[in-house]
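Single-structure report; data block below.
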Amino acid sequence: MSLKIFYENTHGFNANIVKVAAALSGAEYEIVKTTSDELKETKGDKFTLPYIEVEEQGLSEVNTILRHIARLHPDSGLYGKTLFENALVDTVMDRAITLFKASHAVGAVAYGHAKATAAEFKANKEKYVAALKHLEELLGGKDFFVGDAITIADIKVAGICVLPFRVLMDPGTSKQIPNLLAHFERISGNESFKKFFGTTHVAKRPIKIQFVKEEKKVKEEKKQAPKKAEPKPKSKLETLPPTTMDLNEFKYWFINHTDRDAAFEEFYTSRLDKEGWSFWELSYIKYPGEGEQLWKTNNLLNGFIQRAEPFGKWSYGVQMIYGEEPNLDMKGVWMWRGHEIPQELKDHAQFDYYTPKKLDIDNAEDRAYIKDVWTAKDGPMKDGTIIANWSYQK
Amino acid sequence: MSLKIFYKDSYCANANSIKIAADLSGAEFESVKTTKEEFTASKGDKLSLPYVEVEEQGLSETNTILRHIARLNPDSNLYGKSLYESAMIDTVLDHAYSLLEEAIKITCTALGCRSTTSADFKADKEKYVAILKELEKVLDGKDFFVGEGITIADIRVASICAYPFRLLMDPGTAKQVPNLIAHFERISANESFKKFFGTTHVAKRPIKVKFAKK
């Protein structure tokens, strides 16, 4: 059963951890250098590097890959020799996730890939050392984390430690994790480990790190801030094909019409540009305790309409409170440009609290409903629903 | 092969996920309520609760225990039906490991057992939602994370989500993870799940959270 290991960077420690495990498992394997873009093109966007394939089944995520390689080769002992040892290996692998995150945070600053103040670095380093101490405790002075031979637990932990031990070890930390250091030297001395990681060593003193001063960091953040003042990108609504219906003219005509029922019929048959506009019901999702008092519910209604004002040049809507205290609800019918929910409405602070439902004005039932909501005003609606308040967007 | 599950609190999501897995595995098991002090006195301070013993071999760490129960009872298919399915379950469990950390932070803040500023809570919540979205992508519209039946991946994720979904779900987040919510409703309706978590629900709006001032 042949294994293909796809990786991007020769110095990528995650990929090297996988290669070490493959080498120690006794598997036949092939290493394929690639890029993230090529992987995405050939395998889709579900997978990341490093990635492996066995009999055309692909996997990402280093811990997943290590376990899979170990399971495929049980005689290698890489997952332990009993079910209980499997479980002990699992515990170390999970702890290694915490170590990975913590070492990544300090390593990125040490290598200059990320900026941090001295205080931020100190806080991250404390988490890193805490993770190391936890593993020191799990190791408990043994040669290997589990059993009497190397497992994926040993490979994973040693692999994560290569770079931070090389650049960040200090005498204070090494005194707290003597067994883990001895373990690292033991595992990194393994021929398969050296094949991919090269000769490693543990620093006696950490490298000097350039920290950002707090004021300098704030200035740099402020320098980036003016980017926010750049002109807003054009709205997608402005790029829609032109419409034959003038919204302002429609609003003026419809709102002031003395017979809204007749006006709606005329609107539907001869004024509406169906290609350019769509219709939606917006139903409010009530929070427990809401809808019990009309005055409070009015505030919600008015707040929604007011915040929808900037959207007014693209829409016309009617929103109402219906029912009676203490069971009031809110819903409305809106017409807006285009046939999707526009970003302008998604940006409305309260839009998340509404359930949108697209309506079809050519469907008789939907059309009757739209008309009913738009003309009901003081109510009741055709189905007898009592209207407590009714408001339209001007 | 009998299993002993030691736990501290009946509401503990970690302990409950283990009990659910044990129940669904078909294993004989016993739940033993204990305290941290009693546990430390009898097992030493290297192990933590929840803790499981099988034939006098003990384990802590929820993901480790879930895998172990599933391996001990392969006919339950809780670890998938093939090695490849086991690998896919591993990926979900690793994501769940990260999710747990963020879910605990925001739930504890919401319940008042952790003091956080609103800015810090917002940052914590963004990390939590980012992981939910990753899981939504992994779930990819399926009924279960892996295969056609419930596995420890489903149990673990649904258990972690039980409290934050009940207290902190908001419409904005719900819209981004619709399949994960449907998954949660499906798994939480399972009789074994209800046995230990009770009846759960997904909030329509989050509770009001009290924040510390800067």
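Is there a residue being over 23 Å from B:THR64 (Cα atoms), in contact with a helix residue (DSSP H, G or I) (Cβ under 7 Å, 6 or more places away or on another chain) and away from chain A (no Cβ under 12 Å) anywhere in the range B:89-104?
No; the residues of the range B:89-104 include none that is over 23 Å from B:THR64 (Cα atoms), in contact with a helix residue (DSSP H, G or I) (Cβ under 7 Å, 6 or more places away or on another chain) and away from chain A (no Cβ under 12 Å).
A:ALA114 meets the conditions (1) in a helix (DSSP H, G or I); (2) in the same structural domain as A:ARG166 (by TED's automatic domain parsing) in every case but one. The failed one is (1). If you filter the range A:37-55 down to residues that are in a loop (DSSP other than H, G, I, E, B) and in contact (Cβ under 8 Å) with a residue 40 or more places away in the chain, you find that the one that is farthest from A:LEU99 (Cα to Cα) is A:GLU55. Does the range A:70-78 include one or more residues that are assigned to a loop (DSSP other than H, G, I, E, B), over 32 Å from the mean Cα position of the chain (by Cα), at pLDDT 95 or above and buried (at least 21 other Cβ atoms within 10 Å of the Cβ)? Yes: one or more hits. What number goes with the only condition from (1) open to solvent by 80 Å² or more (accessible area, probe 1.4 Å); (2) assigned to a helix (DSSP H, G or I); (3) modelled with pLDDT of 65 or more that A:THR199 does not pass? Of the numbered conditions (1) open to solvent by 80 Å² or more (accessible area, probe 1.4 Å); (2) assigned to a helix (DSSP H, G or I); (3) modelled with pLDDT of 65 or more, the odd one out for A:THR199 is (2). Of all residues in the range A:122-141, those that are closer than 15 Å to A:LEU168 by Cβ and within 13 Å of chain B (Cβ to nearest Cβ) have Cβ atoms under 8 Å from Cβ atoms of residues that are open to solvent by 40 Å² or more (accessible area, probe 1.4 Å) and of a type in the set (Val, Ile, Thr), 6 or more apart or on another chain, in A:ALA131/A:THR98. All told, A:THR10 falls short of being touching a strand residue (DSSP E or B) at 6+ places or on another chain (Cβ under 7 Å) and either polar (S, T, N, Q) or in the same structural domain as A:ALA108 (by TED's automatic domain parsing) (or both).
Which of the residues that make up the range B:140-162 are in a helix (DSSP H, G or I) and either modelled with pLDDT under 95 or charged (D, E, K, R) (or both)? Residues satisfying the conditions are B:ASP154, B:ARG156.
Let me spell it out: the conditions are (1) crowded, with 21+ Cβ neighbours inside 10 Å; (2) farther than 16 Å from B:ASN14 by Cβ, and B:GLU85 meets all of them except one. Which number is the exception? Checking B:GLU85 against (1) crowded, with 21+ Cβ neighbours inside 10 Å; (2) farther than 16 Å from B:ASN14 by Cβ, the one that fails is (1). Exactly one of (1) open to solvent by 20 Å² or more (accessible area, probe 1.4 Å); (2) within 12 Å of another protein chain (Cβ to nearest Cβ) is unmet by B:GLU30. Its number? (2) is the only condition that B:GLU30 fails.
One line per residue, one yes/no per condition, for (1) among the acidic types (Asp, Glu); (2) within 11 Å of chain B (Cβ to nearest Cβ); (3) surrounded by 14 or more Cβ atoms within 10 Å (Cβ to Cβ):
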residue	(1), (2), (3)
A:ALA23	no, no, yes
A:ILE52	no, yes, yes
A:GLU55	yes, yes, no
A:HIS68	no, yes, yes
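Across the range A:295-330, what is the total count of residues that are of a type in the set (Gly, Ala, Ser), buried (at least 18 other Cβ atoms within 10 Å of the Cβ) and under 21 Å from A:PRO380 (Cβ atoms)? Number of matching residues: 1. Yes or no: B:ALA174 more than 14 Å from the chain's Cα centre (by Cα), assigned by TED's automatic domain parsing to the domain that holds B:LEU99 and within 17 Å of B:THR107 (Cα to Cα)? Judged against the criteria, B:ALA174 is a match. Go through the range B:163-178 and give me each residue that's within 24 Å of B:PHE196 (Cβ to Cβ) and either within 14 Å of chain A (Cβ to nearest Cβ) or surrounded by fewer than 24 Cβ atoms within 10 Å (Cβ to Cβ) (or both). B:TYR163, B:ARG166, B:LEU167, B:LEU168, B:MET169, B:VAL177 - these are the residues of the range B:163-178 that are within 24 Å of B:PHE196 (Cβ to Cβ) and either within 14 Å of chain A (Cβ to nearest Cβ) or surrounded by fewer than 24 Cβ atoms within 10 Å (Cβ to Cβ) (or both). Among the residues of the range B:26-59, just one is on the phi > 0 side of the Ramachandran plot and within 20 Å of the chain's Cα centre (by Cα), namely B:GLY26. Determine, yes or no, whether B:LYS208 is open to solvent by 30 Å² or more (accessible area, probe 1.4 Å), over 20 Å from B:ASP143 (Cβ atoms), outside the structural domain of B:ALA110 (by TED's automatic domain parsing) and free of Cβ contacts under 8 Å to residues at least 60 places away in the same chain. So B:LYS208 passes the test.
Taking the criterion of being away from chain B (no Cβ under 13 Å) and either under 24 Å from B:MET169 (Cβ atoms) or open to solvent by less than 40 Å² (accessible area, probe 1.4 Å) (or both), the residues of the range A:331-344 that qualify are A:LYS331, A:GLY332, A:VAL333, A:TRP334, A:MET335, A:TRP336, A:ARG337, A:GLY338, A:PRO342, A:GLN343. Comparison of A:ALA27, A:ALA105, A:ALA96 shows that the only residue that is of a type in the set (A, V, I, L, M, F, W, C), surrounded by fewer than 21 Cβ atoms within 10 Å (Cβ to Cβ) and in the same structural domain as A:SER192 (by TED's automatic domain parsing) is A:ALA105.
When we screen A:ALA118, A:ALA110 for residues that are open to solvent by 10 Å² or more (accessible area, probe 1.4 Å), touching a residue at least 60 places away in the same chain (Cβ under 8 Å) and over 20 Å from A:CYS161 (Cβ atoms), the only hit is A:ALA118. Of everything in the range B:88-100 that is modelled with pLDDT of 90 or more and either polar (S, T, N, Q) or open to solvent by 50 Å² or more (accessible area, probe 1.4 Å) (or both), the residue that is farthest from A:THR98 (Cα to Cα) is B:MET88.
Pairs are defined by a Cβ separation below 7 Å, a sequence spacing of at least 6 or placement on different chains, a first member in the range A:349-360 that is within 9 Å of chain B (Cβ to nearest Cβ), and a second member that is part of a strand (DSSP E or B); the pairs so defined are A:TYR353/A:TYR284; A:TYR354/A:LEU282; A:TYR354/A:SER283; A:TYR354/A:TYR284; A:THR355/A:SER283. Inside the range A:348-368, can you point out the residues that are basic (Lys, Arg) and under 30 Å from B:THR173 (Cβ atoms)? Once the filter is applied, which keeps residues that are basic (Lys, Arg) and under 30 Å from B:THR173 (Cβ atoms), the range A:348-368 yields A:LYS357, A:LYS358.
Inside the range A:275-293, residues that are surrounded by fewer than 14 Cβ atoms within 10 Å (Cβ to Cβ) and away from chain B (no Cβ under 14 Å) make up a count of 3.
Residues that are part of a helix (DSSP H, G or I), at pLDDT 95 or above and either more than 13 Å from every other protein chain (Cβ to nearest Cβ) or in contact with a Phe, Trp or Tyr (Cβ under 7 Å, 6 or more places away or on another chain) (or both) are absent from the range A:26-36. When the residues of the range B:50-70 are filtered to those that are at the interface with chain A (Cβ under 7 Å from one of its Cβ atoms) and either modelled with pLDDT under 95 or within 11 Å of B:ILE5 (Cβ to Cβ) (or both), the one that is least open to solvent (accessible area, probe 1.4 Å) is B:LEU59.
The values are calculated or read from the model by the stated rules, or taken from the named source; none is laboratory data. If you're wondering where the values come from, they're calculated on a predicted model, not measured in any experiment. So basically every Cβ, Gly included, is an ideal-geometry build from the backbone, and we count neighbours across all protein chains shown. For the accessible areas, the whole protein counts, side chains as well, though only heavy atoms, and no ligand, DNA or RNA atoms are used. Shrake-Rupley method; radii C 1.70, N 1.55, O 1.52, S 1.80 Å.
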